[in-house]
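Visitor: Encoded as structure tokens, here's the structure I'll be asking about.
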Amino acid sequence: MNVKLIQTQKQEQKLVQRLSQQQMLQVKLLEMPLTEFEESVNAELDDNPALETVSSDDALYDGGERSAEGAAEESFEEQTEREEREDALDSALENIGRDDEMPETYYAYDKRSSGADYEEMVYGDTVSFYDKLKEQMNEENLTEEQQEVMEYLIGSLDDDGYLRKDMETISDELAIYYNIDVTVSQLHDLLHVLQSFDPAGIGARDLQECLLLQIERREDRGTKGLLRELITHHFEAFIKKHWNKIQEGMNLSDYQVEELQQEIRRLNPKPGASLGETQGRNLQQITPDFIVDTADDGTISFSINSGHVPELKVSPSFTEMVEAYKNNKDGMSRQTKEALLYAKEKVDKAQGFIEAVKQRRHTLYITMKAIIDWQRRYFQDGDEADLRPMILKDIADKTGLDISTVSRVSNVKYAQTRWGTFPLRHFFSDGYVTEDGEEMSTRKIKVALKEVIAHEDKQKPLSDEALTKLMADQGYPIARRTVAKYREQMGLPVARLRKEIASSK
């Protein structure tokens, strides 16, 4: 039988989503917490001489148009900084005209020159969780695309250092939002690189993998093999503290059991917590992105914390140069045109950055407003039981934003309320639908369950079956397996272990 290879051509239409540079900038700024956003704005101010801050005098003279009196009253420091910017611009333009190429850096502001004022800033000498991992990433031999994917993996880690997202979701997000086509297999390869970073256990997808990663890095002191066997084959018994079953299953002596328990205590179930501390400081400071104020009469208002982010504007001198180029470009020399094209490029970049900052603020505002409207009763009384079922899609539908946008706003951002400072994720809660069709907040059910267990007889703790009946009597008709699930999620042991804990105390 003869086999023929035939080449054919066919035409088909595909709808492919592409993000512009401006959209990618908006997404990048949106997912930043306040401290990182401040650093980004300051870096852009240092890098782009066409971007300036709006001074108090600018506000008085409408859009930055300064009168002769205003210029005369300008402080010596402001005059010096403005002159330095203009000198840097002149120098850059001269270099462009002479060398016929763009220099890499046109203007650099040395933060160290500000001395004690800079030192007083809370975030001046901190190194973030993200930065520490990124420093280790830079030591790896990765391509530019692999570095972008690795940064995304690092940004997807939770506060404990775990990667909770599945690889298919990450692959889809990279394709949609960053136009990076990476397979699940390639993601797994990069995840293995991330899991080799310090501290050991970072990038694990669950507790079992986290402990195994740490065990593999330990020196073999005679117990490494036993630890590996314990976590690999007896993990279920381990998390339930059934050491009798473990001892029998692994044929261990009492001494070996005690030695394994001591070795286990040296492992860190939350490796991200050790990175939460900043170098040079003992505590990671949380800066709220939103300030929510609840008055005594129940009225709720909120504001977005701007921190040390200044109001931005485009440099008038650069704008004038661009206008001059538009009006007289036909009579200019090639070198002058190139110099002014550089100015136009910087002006366009400054305008795009200002627009992205405004868009970030608008998105944060409408998202937080929707969260407050949905959870109004909780913000009024601070009772977790009043948190209504609310998922990302609810806020996306209410604001008209995409679910991924709401997710970015809710990630690593905090709200300061009358009842404490919480991550935005705190206000989201899944719903539980009873047999009667009533939807109840899982948070409310968990609070009630925790309350029941707290008031049980510690000498005769309640079984999950008994807890199910009591919960139904209190108006929470949930299944026994749901009781067991919520109890485990809250870190509450089974009845037998609660009794053992009570008697041991």
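Visitor: Over 28 Å between Cα atoms, which of K245/K499; K349/K393; K165/K398; K369/K485; K134/K344; K134/K485 qualify?
Guide: K349/K393; K369/K485; K134/K344; K134/K485
Visitor: I'd like the FRET efficiency for E39 and D381, computed as 1/(1 + (r/R0)^6) with the beta carbon distance as r and R0 of 41 Å, rounded to 0.05.
Guide: Once rounded, the FRET efficiency stands at 0.65.
Visitor: Could you work out how much longer the chain between Q147 and F422 gets when fully extended? Use 0.36 nm per residue separation minus the Cα distance between them, nm to one decimal.
Guide: 95.8 nm
Visitor: What are the residues whose amide H is under 5 Å from the amide H of F302, where those residues sit 5 or more places off or on another chain and H is modelled from the backbone?
Guide: D293
Visitor: What FRET efficiency would be calculated for the residue pair A295, S317, taking the C-beta separation as r and a Förster radius of 60 Å, to the nearest 0.05?
Guide: 0.80
Visitor: Quick one: Karplus J couplings for the stretch 479-495, per residue in order, coefficients 6.51, -1.76, 1.60, θ = phi - 60°, nearest Hz, x for Gly and Pro?
Guide: 6, 4, 5, 5, 4, 4, 5, 5, 4, 5, 5, 8, x, 9, x, 5, 4
Visitor: What does the accessible area of E36 come to, in Å² to the nearest 10, when a probe of 1.4 Å is used?
Guide: 70
Visitor: Can you give the FRET efficiency for Q261 and E209, using 1/(1 + (r/R0)^6), R0 = 30 Å, r = Cβ-Cβ distance, to the nearest 0.05? Walk me through the numbers before you get to the answer.
Guide: Details: r = 21 Å, r/R0 = 0.69.
E between Q261 and E209, to the nearest 0.05, is 0.90.
Visitor: Also, I was wondering about something else. Run the quick spin-label model on Q459 and M24: label points 7 Å from Cα toward the beta carbon, then report their separation in nm to one decimal.
Guide: 6.9
Visitor: If each of L497 and W243 carries a label point 7 Å out from its Cα toward its Cβ, how far apart are those two points in nm?
Guide: 1.3
Visitor: Given labels modelled 7 Å from the Cα in the Cβ direction, how far is it in nm from D198 to K344?
Guide: Calculated label separation equals 5.1 nm.
Visitor: From the phi of every residue in the stretch 23-39, what ³J(HN,Hα) in whole Hz does the Karplus formula 6.51 cos²θ - 1.76 cosθ + 1.60 yield, where θ is phi - 60° and glycine or proline is x?
Guide: 5, 5, 5, 4, 5, 4, 5, 5, 7, 7, x, 4, 4, 5, 5, 4, 4
Visitor: Using Cα-Cα distances under 8 Å and only pairs 6 or more residues apart, what relative contact order does the stretch 133-248 have, in percent? Please list the in-between numbers first.
Guide: On the way: 100 pairs, mean separation 21.3, N = 116.
Relative contact order here is 18 percent.
Visitor: A follow-up question, please. For L312, what residues show an amide H to amide H distance below 5 Å, using hydrogens built from the backbone and excluding near sequence neighbours?
Guide: The list, which skips near neighbours in sequence, is V54.
Visitor: Given the peptides 258-268, 446-456, arrange them by the average over their residues of other C-beta atoms within 10 Å, most packed first.
Guide: Ranking the peptides 258-268, 446-456 by packing returns 446-456, 258-268.
Visitor: For I176 and D373, calculate 0.36 nm times their separation in residues minus their Cα-Cα distance, and state this gained length in nm to one decimal. Can you show the working numbers first?
Guide: Details: separation 197, 0.36 × 197 = 70.92 nm, distance 3.04 nm.
Computed gain between I176 and D373 is 67.9 nm.
Visitor: Apply the Karplus parameterisation 6.51 cos²θ - 1.76 cosθ + 1.60, with θ equal to phi minus 60°, to every residue of the stretch 354-359 and state each ³J(HN,Hα) to the nearest whole Hz, in sequence, with x for glycine and proline.
Guide: 4, 5, 5, 5, 5, 5
The values are calculated or read from the model by the stated rules, or taken from the named source; none is laboratory data. Keep in mind it's a predicted model, so treat the numbers as computed, not measured. All Cβ positions, even for glycine, are placed from backbone atoms using ideal geometry, and neighbour counts span all protein chains on display. The protein model used for the area step is the full one, side chains on, heavy atoms only, and it has no ligands, DNA or RNA in it. Shrake-Rupley method; radii C 1.70, N 1.55, O 1.52, S 1.80 Å.
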